[in-house]
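A short write-up of the structure that comes next.
Read the figures in this text as sums done on the coordinates, not as results from a lab. Here the structure is a predicted model, which is why all the values come from computation and not from measurement. Please note: Cβ atoms are built from the backbone with ideal geometry, for glycine as well, and neighbour counts cover all protein chains shown.
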Amino acid sequence: MSGTAADRLAILGGAPQFAQKLHVAQVNLPPWDRVEAAFKGIFARRFFANHGPLVRELDETFARVIGVPHAISVTNGTVGLMLLARTLEVRGEVIVPSFTFPATVQSLSWAGLDPVFCDVDPHTHNLAVETVAPLVGPRTVAILGVHAWGRGADPLRLEVFARERGLKLIYDACHGIGCSYAGRAIGGFGAAEVFSFHATKIVNGAEGGCITTADDELAARLRTARSFHPSETFADVDVRFNAKMSEAQAAFALLSLVELEQNRVANRARFDAYRAGLAGLPGLELLKYGADDANNYQYVVIEVDEARLGLGRDRLLDALMAENVICRRHFFPGVHRMDAYAQLASARPDALPGTEYLCRRVLQLPTGQAVSVGHVEKICLLIRRIIEQREAVAAIG
Ligand SMILES: *Cc1c(COP(=O)(O)O)cnc(C)c1O
């Protein structure tokens, strides 16, 4: 048992380790003087919407950063996914993982497409040809992959598979800014990929998103569909939308893009501190990023093996939350268990064993600009103390 009251765990009645809450993916903010200068420019131009100079600059800059011919900025990642799914101009079923943010699947529903859930490999957390292939049927028109935690979702093999079957392949790359797979940047795979500039992502546009593609014709349709404004017409589309990004969002995203590398390096330092601090704990494994692939280290993901650790994932979460270490269980309970989708034939939990397994085991730990390496070291010591006291922690009501 723990000795003094000072080191008693908060869940056992002690004071929280941290006075302020530490969150997963804390917001990255550029220095205020740069924000002020950018917004003075917007005020001076009095140009706020409808593809102003900053949105155009962002489209060009992001295309260059990712290394693709076209980048089409939009209001947010979800709208980007909706717009892309609708602009593919197909009807039928789309194979999509359930181990994802709900918006991935909801975008298909908005586009009038029918999601079919596929399982993920519990080692990679991603779909693969093996999990997709058995689900292809006469109504299948596309595959919407997700690069979970920025790790490429079998893109090389799925490109070949999709081409052979005549299916469209698109990706939710919302986690993937600055990431690569087999030497190729995330953003250049399939027909198109969609990124998010949400405040929790490594590039923060105060909301915002971007679609990248090498397909000139698809890019023209996306640029047309993103605006209801007739002057923005590059191709024939059957329906248009208002998915335009504002100048204010573009200003934020451009400033944040300048800091991408520095934020990536800082994330890496926190990740390395977690790796050192959690080494050698049986039953608690830190998800690793491949040495050959670039990653942005925006997510620190652990897997809890209850039998080996002697403590369940949810009880570990409760103990950490009590200390103001605000962890997340993405993507618990899995999109297939949401009311809107649970009735689908593909949503049967026994058909998604890899997804169910991960939803029971994964936890994301705090990182981002407001979390220092010192915080990380303290969090790791705290996790060790919780594990030392697991019997007392497990015993509470
Ligand atoms: C953040 C996220 C989205 C949604 O992006 P928004 O810009 O918040 O709409 C979609 N899919 C995944 C995997 C995400 O992480």
**Message:** Suppose every Lys and Arg Cβ carries +1 and every Asp and Glu Cβ carries -1, with no other charges. What dipole size does the chain come out with about its Cα centre, to the nearest 20 debye?
**Reply:** 580 debye
**Asked** With axes computed from alpha carbons, what is the tilt in degrees of helix 77-87 against the longest principal axis of the chain, rounded to the nearest 10 within 0 to 90?
**Response** 40 degrees
**Request:** Report, ordered by chain and residue number, the lysines lying within cross-link reach of Lys378, taken as a straight Cα distance under 27 Å and ignoring same-chain residues fewer than 8 apart.
**Result:** Lys21, Lys201, Lys288
**Request:** Could you tell me how many degrees, from 0 to 90 and to the nearest 10, lie between the Cα long axis of helix 247-258 and the main elongation axis, the longest principal axis, of the Cα atoms of the chain?
**Result:** 60 degrees
**Prompt:** In degrees from 0 to 90, rounded to the nearest 10, what is the angle of the helix 216-225 Cα long axis to the longest principal axis of the chain?
**Reply:** 80 degrees
**Message:** With unit charges on the beta carbons (Lys and Arg positive, Asp and Glu negative) and the dipole taken about the Cα centre of segment 55-192, which residue among Phe117, Cys179, Leu127 sits farthest to the positive side?
**Reply:** Cys179
